[in-house]
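Quick notes on the structure that follows.
Each value in this text was obtained by applying a stated rule to the coordinates, not by laboratory testing. All figures in this text were calculated on a predicted structure; none of them were measured in a lab. Using ideal geometry, Cβ is built from the backbone for each residue, glycine included, and neighbour counts are taken over all protein chains shown.
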Amino acid sequence: MISIIIPTYNNSKQLINTIHSISNQNYDNIEIIIIDDASTDDTKGQIEKLKNKKIKYYYNVDNLGTTQSRLRGIKHASGEYVAFLDHDDFWINDKLTIQYECFKNKKLDFVISNYIVNDLVNNNHYERNMNAFGEDFKYNIIRNPGPFFQCCLFKKEFLLNNIDSFDNQSEPSEDWDFFISISKINPRVENININLFEWNLNDNSQSSDYYKETCAIEYIINKHRSYIKKIGGKKILSIHYRKLASMFLYSNDFRKMKHYYTQAIKENKLSIKNIILNIICFMPKNIAYSMLKIITNQIK
């Protein structure tokens, strides 16, 4: 059995659409565990109307966040395998079947897939290929965020053995933090080189809060700083600091922007990019802002 865990908060309409998309899966040995994170809308009533015996509904008295809701879902999961889905995302119809088949005759901890990003905020649509993560998970995950929870199928035993890798302080980038953490134990992972998941970024998504996202990335990089440096070297850590500085630039946080450009050059003093950006930081604030916003689209 596959246990599908869906955290939700005040989004009953999209949640029902997501449940319908699960019903279209051609793998039907499932249970749907909905963790209602203290919603004040009609979520419970809408779920009851479905009269779906595969659904198990749990209500959080307090708003605990996505991470704690997922953990509660794992606690109640009966299946040998666990999949996660958010209340506004969708799977391709044969997602579960394709990933489940990968576990046959292979000792894997989890399976990932490529996915589609529907950026409804910026009216953008693109695909993310996860092949590199299937080939060298550890090296690639410390370089860039990659898989989402929603594009994976996990052995429940693996999740239970790595509960400490779930960190609510890393929200809304908790996926990246989790995958960096588990990369330290060399998980057995395989990628399916097709799109099996659609991630919808909209105004209600956690990731649409740019400053909150920036602070989460800051937390993750500092949390795993030594590990990133060990696996990727000073150059990779420097690139992370430079990207983080640019994120704070667009969040209008000049103090943190300057701090992380300084951290970037400390890790890689020979980088021309770092030298240029740090020189600009010492210019008058209004001039520095204008120049940095012009050149950061070219200098990454």
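Remarks
- C-alpha long axis of helix 210-223 to longest principal axis of the chain, angle in °: 80 degrees
- Residues whose amide H lies under 5 Å from that of F84, counting only those 5 or more places away or on a different chain, are I5, C152; hydrogens are built 1.01 Å from N in the peptide plane.
- The chain, helix-only ellipticity at 222 nm - DSSP H runs n ≥ 4, -39,500 (n - 2.57), divided by all residues, nearest 500: -14500 deg cm²/dmol
- Seen against the Cα atoms of the chain and their longest principal axis, helix 12-23 is set at about 70 degrees.
- Percent RCO, i.e. relative contact order, over the range 87-224, from Cα pairs under 8 Å lying at least 6 residues apart: 38 percent
- Neighbourhood net charge (9 Å Cβ-Cβ; Lys/Arg +1, Asp/Glu -1) for F166: -3
- Pairwise centroid distance, computed over Cα atoms, of the range 255-287 with the range 98-174, Å: 33 Å
- Within-13-Å neighbourhood charge of Y289 [Cβ basis; K, R +1; D, E -1]: +3
- Antiparallel bridge percentage (DSSP; both residues within the chain; nearest 5): 30 percent
- Full-stretch length increase - V61, N26 - with 0.36 nm per residue and alpha-carbon distance subtracted: 9.2 nm
- Tilt relative to the chain, helix 66-76 - C-alpha long axis, 0 to 90 degrees, to 10: 30 degrees
- Stretch gain in nm, segment N129-N17, where the contour uses 0.36 nm per residue and the Cα spacing is subtracted: 37.7 nm
- Between A38 and D164, full extension at 0.36 nm per residue minus the direct alpha carbon distance yields a gain of 43.0 nm.
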